[in-house]
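Peer 1: Below is one structure. I have some questions about it.
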Amino acid sequence: MRTLMLKLAVVIGLIVTSIVCARYALADFYYQNAKDHYGFLSASQSITVKHIKPIMADIDDALKLRASHTDALDFKADLLYQLWWLSPDGQYLHQSDHLQKALKLHLRSNDYRINWAYSAARVALIYSHQPNLDEKFEYWFAKSHRLGLYETAIARSLGELGLQHWPFLTDDQRKLTKDYIRVSIEQKANSPMSMALLLSRYKKHKSICFELPSSVRKDQMCAISL
């Protein structure tokens with residue numbers, strides 16, 4: 001009898017494991033389908049609101065099967081942010097349902113995947129959409145620097161985010177912004193011309209060139225006359 005019960009427990013355990021694995025595999029299928037659909041549309045045409053909703057439906061299916069799917073959480077949050085950008089339902093975070101939902105999803109992702117630089121950077125971006133930058137923006141802007149300074153996309157996007165809000169930044173936040181810019185200049189994905197144009201757009205080309213230490217790529221950028 002005892003042997004029979006043990007065998008039954010093993011069989012039940014295998015069945016449960018198989019079900020969980022199948023749900024995870026199906027969740028990955030829906031997530032990848034959404035990513036591929038988005039990638040195809042991005043390459044062939046401009047993304048519109050009508051494109052985003054069916055893609056989000058696949059992501060919702062993935063999350064129904066696996067609520068802790070961090071990539072799906074972050075991707076859905078990005079889609080909501082893009083939806084807000086295309087069709088704003090409020091200027092600031094406290095006014096926008098899209099931004100608030102996106103923020104919650106990134107924070108949920110961060111709970112499952114602690115210290116993930118990408119999620120931290122996106123949270124900082126969303127917290128920047130406030131009438132006044134608060135301690136939450138300060139925390140996530142600094143955390144993104146600690147976790148993702150040398151990630152190309154993060155350094156460039158948060159460097160520009162800092163430039164956009166420059167008049168409202170604290171001294172420490174300006175230092176972080178200059179560090180993001182310093183790293184971005186050195187990354188091969190960013191040409192000296194593209195960085196010169198970025199800084200010039202915010203009237204920071206001369207001042208950044210004066211303040212940052214010399215390097216081959218930085219000197220090349222600073223030699224560009226705009």
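The values are calculated or read from the model by the stated rules, or taken from the named source; none is laboratory data. As the structure is a computational prediction, the values presented were derived from the model and not from experiment. Using ideal geometry, Cβ is built from the backbone for each residue, glycine included, and neighbour counts are taken over all protein chains shown.
Peer 1: Quick one: would you say Tyr150 is crowded, with 17+ Cβ neighbours inside 10 Å and touching a residue at least 12 places away in the same chain (Cβ under 8 Å)?
Peer 2: The answer is no for Tyr150.
Peer 1: Let me ask another. Name the residue that is nearest to the chain's Cα centre (by Cα), counting only residues in region 193-217 that are farther than 19 Å from Gly162 by Cα and not in a loop (DSSP other than H, G, I, E, B).
Peer 2: The extreme case among them is Met193.
Peer 1: When you scan region 165-174, do you find a residue that is acidic (Asp, Glu), outside any helix (DSSP H, G or I), surrounded by fewer than 14 Cβ atoms within 10 Å (Cβ to Cβ) and out of contact with any His (no Cβ under 9 Å at 6 or more places or on another chain), even just one?
Peer 2: no
Residue by residue, here is whether (1) more than 17 Å from Ser68 (Cα to Cα); (2) at pLDDT below 85 holds:
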position: Ile15; (1), (2): yes, yes
position: Val20; (1), (2): no, yes
position: Ala25; (1), (2): no, yes
position: Asp36; (1), (2): yes, no
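Peer 1: Condition first: over 18 Å from Thr152 (Cβ atoms) and either surrounded by 18 or more Cβ atoms within 10 Å (Cβ to Cβ) or not assigned by TED's automatic domain parsing to the domain that holds Glu151 (or both). Now tell me which residues in region 180-208 satisfy that.
Peer 2: Once the filter is applied, which keeps residues that are over 18 Å from Thr152 (Cβ atoms) and either surrounded by 18 or more Cβ atoms within 10 Å (Cβ to Cβ) or not assigned by TED's automatic domain parsing to the domain that holds Glu151 (or both), region 180-208 yields Lys204, His205, Ile208.
Peer 1: Give the residues of region 165-192 that are over 25 Å from Leu133 (Cα atoms), of a type in the set (A, V, I, L, M, F, W, C) and within 19 Å of the chain's Cα centre (by Cα), sorted by residue number.
Peer 2: The answer is Ala189, and nothing else.
Peer 1: Determine if region 147-155 includes at least one residue that is outside the structural domain of Leu63 (by TED's automatic domain parsing), among the hydroxyl-bearing types (Ser, Thr, Tyr), more than 16 Å from the chain's Cα centre (by Cα) and not in a helix (DSSP H, G or I).
Peer 2: For region 147-155, residues outside the structural domain of Leu63 (by TED's automatic domain parsing), among the hydroxyl-bearing types (Ser, Thr, Tyr), more than 16 Å from the chain's Cα centre (by Cα) and not in a helix (DSSP H, G or I): absent.
Peer 1: Which one of these does Lys50 not meet: (1) surrounded by 14 or more Cβ atoms within 10 Å (Cβ to Cβ); (2) of a type in the set (D, E, K, R); (3) modelled with pLDDT under 90?
Peer 2: Every condition holds for Lys50 apart from (1).
Peer 1: Tell me whether region 96-105 contains one or more residues that are part of a helix (DSSP H, G or I), of a type in the set (Asp, Glu) and not assigned by TED's automatic domain parsing to the domain that holds Arg182.
Peer 2: Yes, because at least one residue in region 96-105 is part of a helix (DSSP H, G or I), of a type in the set (Asp, Glu) and not assigned by TED's automatic domain parsing to the domain that holds Arg182.
Peer 1: Quick test for you: out of Asp36, Asp58, pick the one residue that is surrounded by 15 or more Cβ atoms within 10 Å (Cβ to Cβ), part of a helix (DSSP H, G or I) and either hydroxyl-bearing (Ser, Thr, Tyr) or within 20 Å of the chain's Cα centre (by Cα) (or both).
Peer 2: Asp58
Peer 1: Contact list please: Cβ distance under 7 Å, first residue in region 51-68 and polar (S, T, N, Q), second residue part of a helix (DSSP H, G or I), pairs at least six apart or on different chains.
Peer 2: Close Cβ pairs satisfying both conditions: Ser68/Tyr112.
Peer 1: Looking at (1) of a type in the set (S, T, N, Q); (2) over 15 Å from the mean Cα position of the chain (by Cα); (3) under 11 Å from Asp74 (Cβ atoms), which is the only condition Gln130 fails?
Peer 2: Against the list (1) of a type in the set (S, T, N, Q); (2) over 15 Å from the mean Cα position of the chain (by Cα); (3) under 11 Å from Asp74 (Cβ atoms), Gln130 comes up short only on (3).
Peer 1: Do we have any residue at all in region 1-11 that's modelled with pLDDT under 65 and part of a loop (DSSP other than H, G, I, E, B)?
Peer 2: Looking through region 1-11, at least one residue is modelled with pLDDT under 65 and part of a loop (DSSP other than H, G, I, E, B).
Peer 1: Within region 91-120, take every residue that is surrounded by 15 or more Cβ atoms within 10 Å (Cβ to Cβ) and aliphatic (A, V, I, L, M) and give me the one that is farthest from Thr152 (Cα to Cα).
Peer 2: Leu93
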